[in-house]
Structure formats: C-alpha cells, structure tokens
C-alpha cells in the first residue's frame, strides 16, 4: 500500500498514472468529498469552544462568574460599547445561514449547512485570528415558506453578542433583502460572503488578470454567466471599480439581463437583478454566443460543470481571453479544457487548480479589519479596498497567467487586507475606534500566529489526533473505483 502524505500536498500523485485529465479531476473531487465525510465523522466536526482565561485557584471561579462578574454586567449596561472590551464580542462573528443555497447543492435543510458554517469558522480562526460561531437557523414561516424576515429578526436578536455577522448560503431573492435590511438596521457589520465576499475576491483576480494581458478595465467587454447573489454583486463591484456598463452583459437562465426584462422588473424581490438590467447590455443581447464573441472576460458562477461553459464560446472570445469558472464544487469547465480552447488565464474556486478565486482569500482579513476598528458596517468601498490589497500583494510577488491571486498559506495578505479595510472604514466614517495602519497590520499578524500556535500545540500534544492513514487510503480507493465505473 502506498503511503499517503498527510499534508495532501500533491493530490495528483494519489491516482493512477493512466488517468486522463478529466478522470483525474473527477477523482480528486470524489476523493475530497469522501475524505471530508470520513474526517468530519472522525473529529465530530471542526470546531470546539475553549476558555482563553486561566484558573489559578478556586477564587478565580468567583472572578469569572459571580460575584465578581457583576461589575462587568453593570459596566456594559451603562456603556454598551464596553462589551467589545470586556467580553469576546470584539473578536466574535456569527456565521448565520438558513442553508437554502449551500455551495452547489441547493437547499440542504437548516442543519445541512453546519459543515460549511463550521468550515467558515475554522478558516476565520486559522486565517484571520477571528473567533466565529456557526448558527444554522430555520427560516420557514407558518405557511411553510422560507421567510427573509425570520432571518432578519434572528440577526437583530443576536446582535448584542457579536462583533460582526457573516451571512452565508441564503438563496436569492431572500439574500438581497436580508443583507440590505441588516446593513442599515444593525450597529455592527453584516457581511454576506456569497455576495460581497465573492465580489471582492473576484475583483481582485480580475485586476491582476487585466494587468497581465494589459487591458484597462474600462475598455474590456465582460460577460457574466449566472445572475445569482454572487455574480450580481461581483458585477456591481466591478462596475464600481471602473468597468463600462455598456460593455457588460449578464445572463440568467432566461437570457440576457436588460431593460426589456419585464419579468425581473415585475418582481420587487429581485431589485438587485433589475439594477443590472437598468445599467448594462444596452443592445439587449439575449444570445450567449453573440455576447461572448469578441469578449475579453467571461465570469461564470452558474451550474456546476464540467460542460456548462462551452469550449466554442472561449474559442470565439478576444485575444488572450480571461475565464473565471467558479461554480462549486465542480467548475463550469475544467481548466485544462478551457486552456485547450484558447483561454489565456483561467481561474476557478478550487484549490487544486491554479488561480483559486475563493472567498477564503477575503472574509478572514476583511472581517478582522472591520472588527479591530469596531466598524458599524462594511461598505462597498471597504470590499473594493480589500480587492486591491489582495491584488497588489500578488503583484508584488510577481503575477503571471498561473498566479493572479495569493494562496491561503501566504499569511501576510490577510494582514494587508485587514489594514486597508480598517483604514477605509475610518475614511468612510463607520469606525468606532481609530487605529493607524501599522497597528492593525501587526495586531492581525499577531492574532493569526497565536491561533496557529494554539492549533499546533494541540496537535503536538495529541489533543488533536491525526487521522488514520487507512481513512485516506479508503477515500482514494473509493474515488478510483467511482471514476473507473
């Protein structure tokens, strides 16, 4: 039996050498899914609550609880902002979801989203030094329908316990109302990672891709394939960053978005889509092949592939075409196939391909920066500042067609991002606390390192036990069998 490197540093080597690129891609997907099931069962999830204060003798119980803690309660009663200093609220995020749009799997029932929400909390701690709690909620109303007002009311009720809220995997159109209502109603940042997070990191990737091909953002033609919460927000941020709306076309399942789409205009719940209709596609293009012909950029966040994006579309694009195929867990077209069709730069949401454009490059640093200055909200300008922080970090290292984005192991990018987000929050007038950029940068790096040191210590002391090698081997064998048929 071949020994499998526990780091999983090279997934390709796990599978037979005679596998085609398509078989290899399928095998890696199947392996990661199977290993996820086995590893989550082995650990019982990914997150545990631990005290960060010590017990040095019996009377410390009376400090951390009654009677001493009464002074904390009355101090916060008289100054609510004191809760950010006297509790963990200042570094604590609620990851809230009704699990109606979980990755590419749709409605998974409220508890079905726990794996993703715990994963979000895991990444926040490891990548951003931020504590987080997964809160999957039931959004059904008495009529048996998912009601955005139930999510809104829930977040308002839990707001006093958290420094920020990360909304996740809420289906459209409910996600629009939930985010826009809570951004104004709450006195802490409410961030929808599927929308603003995806928008920020995609803009970061696009900035560098356009730098590589030497095309200005206001001159390129951009086609968006898919019109969900992610792509509509990506489009909004890209337009704010300077794209020409007359050169932008977005498609949903019924065709191009434009002022003639009475079906979208008639449904007020889809107001964000209607904004795109009003701003873009002045020629009212409804045919995807016509839209993509001569286009410089294709950004797809639609149905998991691998043949959702056609190779023929890519062949008809402009010189050095840029493709973002970011459906999860399988991209709309595999990178090798896109390259064969002529794509110059290909990005996906997957970490086992080059150019991973994933929210994990955004939310840990963005939320950390917002928390450190105790921001009241995260503005679109803060999201754009984060995008440029990520793009500029990669540019300094040396961008090329296979490297337009930093990777999750480039720790300093999260500190750069946090610092720029914090400074923009101060400029936008939404920060409670004024800090200088260097302080935010250093505190972020310190908290990230502390989180990693804690995890490393737990691993070394065997409190976090390594998975059984047989678990990995069984996952490989099942993936190979699945691909072999």
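Whether any residue in region 6-26 is at positive phi and not assigned by TED's automatic domain parsing to the domain that holds residue 471 is what I want to check. Break it down stepwise before answering.
Pass one, region 6-26, residues at positive phi: 8.
After this cut, where a residue has to be not assigned by TED's automatic domain parsing to the domain that holds residue 471 as well, the list is none.
No: region 6-26 contains no residue that is at positive phi and not assigned by TED's automatic domain parsing to the domain that holds residue 471.
Condition first: out of contact with any strand residue (DSSP E or B) (no Cβ under 6 Å at 6 or more places or on another chain) and within 15 Å of residue 193 (Cα to Cα). Now tell me which residues in region 107-121 satisfy that.
Scanning region 107-121 gives 116, 119.
Scan region 301-316 and tell me whether some residue there is part of a strand (DSSP E or B) and within 30 Å of residue 414 (Cα to Cα). Reasoning before the result, please.
Within region 301-316, the first condition is being part of a strand (DSSP E or B), and the residues that meet it are none.
For region 301-316, residues part of a strand (DSSP E or B) and within 30 Å of residue 414 (Cα to Cα): absent.
Under 28 Å from residue 150 (Cβ atoms) and not in a loop (DSSP other than H, G, I, E, B), is that true of residue 77?
Numbers: under 28 Å from residue 150 (Cβ atoms): no; not in a loop (DSSP other than H, G, I, E, B): yes.
No; evaluated as a whole, the condition is false for this residue.
Please count how many residues of region 244-268 are more than 22 Å from residue 303 (Cα to Cα) and in a helix (DSSP H, G or I). Steps first, please.
Going residue by residue through region 244-268, those that are more than 22 Å from residue 303 (Cα to Cα) are 244-247, 259-260, 262, 265-268.
Right, trim to in a helix (DSSP H, G or I) and you get 245-247, 262, 265, 268.
Within region 244-268, residues that are more than 22 Å from residue 303 (Cα to Cα) and in a helix (DSSP H, G or I) number 6.
State whether one or more residues within region 418-434 are over 23 Å from residue 89 (Cβ atoms), outside the structural domain of residue 31 (by TED's automatic domain parsing) and either outside any helix (DSSP H, G or I) or at pLDDT 95 or above (or both).
First, the residues of region 418-434 that are over 23 Å from residue 89 (Cβ atoms): 420, 427.
Filter once more, keeping what is outside the structural domain of residue 31 (by TED's automatic domain parsing): 420, 427.
Now restrict to residues that are either outside any helix (DSSP H, G or I) or at pLDDT 95 or above (or both): 420, 427.
The answer is yes, given that some residue of region 418-434 is over 23 Å from residue 89 (Cβ atoms), outside the structural domain of residue 31 (by TED's automatic domain parsing) and either outside any helix (DSSP H, G or I) or at pLDDT 95 or above (or both).
Scan region 239-272 for residues that are under 27 Å from the mean Cα position of the chain (by Cα) and in contact (Cβ under 8 Å) with a residue 60 or more places away in the chain and jot them down.
Within region 239-272, the subset under 27 Å from the mean Cα position of the chain (by Cα) is 239-245, 247-257, 264, 268-272.
240, 241, 269, 270, 271, 272, listed by residue number.
Got a number for residues in region 347-356 being touching a strand residue (DSSP E or B) at 6+ places or on another chain (Cβ under 8 Å) and either touching a residue at least 40 places away in the same chain (Cβ under 8 Å) or surrounded by fewer than 18 Cβ atoms within 10 Å (Cβ to Cβ) (or both)?
So the answer is 4.
Could you tell me how many of the residues in region 51-74 are in contact (Cβ under 8 Å) with a residue 24 or more places away in the chain and part of a helix (DSSP H, G or I)?
Count: 0.
Residues in region 389-411 that are in a helix (DSSP H, G or I) and touching a helix residue (DSSP H, G or I) at 6+ places or on another chain (Cβ under 7 Å): how many? Don't jump to the end; show me each part of the working.
Of region 389-411, the ones in a helix (DSSP H, G or I) are 389-397.
Okay, now just the ones that are also touching a helix residue (DSSP H, G or I) at 6+ places or on another chain (Cβ under 7 Å), so 389-391, 393-395.
Qualifying residue count, region 389-411: 6.
Here is a yes/no grid of residues against (1) under 18 Å from residue 291 (Cα atoms); (2) modelled with pLDDT under 95; (3) surrounded by 23 or more Cβ atoms within 10 Å (Cβ to Cβ); (4) out of contact with any strand residue (DSSP E or B) (no Cβ under 6 Å at 6 or more places or on another chain):
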| position | (1), (2), (3), (4) |
| --- | --- |
| 164 | no, no, yes, no |
| 178 | no, no, yes, yes |
| 190 | no, no, yes, no |
| 213 | no, no, no, yes |
| 223 | yes, no, yes, no |
| 241 | no, no, no, yes |
| 245 | yes, no, no, yes |
| 249 | yes, no, yes, no |
| 258 | yes, no, no, yes |
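What is the one condition in (1) touching a helix residue (DSSP H, G or I) at 6+ places or on another chain (Cβ under 9 Å); (2) under 29 Å from residue 471 (Cα atoms); (3) not in a helix (DSSP H, G or I) that residue 48 does not satisfy?
Going through the list (1) touching a helix residue (DSSP H, G or I) at 6+ places or on another chain (Cβ under 9 Å); (2) under 29 Å from residue 471 (Cα atoms); (3) not in a helix (DSSP H, G or I), residue 48 breaks only (1).
Pick from 83, 97: which is surrounded by 12 or more Cβ atoms within 10 Å (Cβ to Cβ), under 30 Å from residue 368 (Cα atoms), in contact with a strand residue (DSSP E or B) (Cβ under 8 Å, 6 or more places away or on another chain) and modelled with pLDDT of 95 or more? Spell out how you get there, then give the answer.
On the way: 83 fails: in contact with a strand residue (DSSP E or B) (Cβ under 8 Å, 6 or more places away or on another chain).
Every option except 97 fails the conditions.
So residue 51 ticks every box in (1) within 19 Å of residue 458 (Cβ to Cβ); (2) surrounded by 13 or more Cβ atoms within 10 Å (Cβ to Cβ) but one. Which box is left unticked?
(2)
When you check residue 347 against the structure, is it within 25 Å of residue 200 (Cβ to Cβ) and part of a helix (DSSP H, G or I), yes or no? Write out each step before concluding.
Numbers: within 25 Å of residue 200 (Cβ to Cβ): yes; part of a helix (DSSP H, G or I): no.
So residue 347 does not fit the description; no.
Any idea how many residues of region 460-472 are in a helix (DSSP H, G or I) and farther than 12 Å from residue 43 by Cβ?
Initial filter on region 460-472 (in a helix (DSSP H, G or I)): 460, 469-472.
Pick out the ones that are also farther than 12 Å from residue 43 by Cβ and you get 460, 469-470, 472.
Number of matching residues: 4.
The values are calculated or read from the model by the stated rules, or taken from the named source; none is laboratory data. Keep in mind that what you see is a predicted model, and the values were worked out from it rather than measured. In this analysis, Cβ positions are derived from the backbone assuming ideal geometry, glycine residues included, and neighbour counts consider all displayed protein chains.
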